[in-house]
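Working notes, beginning with the structure itself.
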Amino acid sequence: MNTRAKSKISELLVILGTVLFVGGAICYIRGVLPAEHISAIGALSLIFVGVGAGTTKAKQ
């Protein structure tokens, strides 16, 4: 896999984690999701952002 494809994948992971975090926060504020699910969504979004940012930093 070339570096351009890896760069796009890492950017997509960061975007996915950010969207997941914001979406979970909005759903919690609106009362759609219970508090038990918010911690799992937050952890998953943190993993996505961390992996995406880590692969971006490793290439530079």
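Values in this text are rule-based calculations from the coordinates and carry no lab data. The shown structure was predicted, so the numbers you read here are calculated from the model rather than taken from an experiment.
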message: Below 8 Å between Cα atoms, with a sequence gap of 6+, how large is the relative contact order for the chain in percent?
response: 50 percent
message: Considering the Cα positions of the chain, please state its Rg to one decimal place and its Dmax as a whole number of Å.
response: 13.7, 43
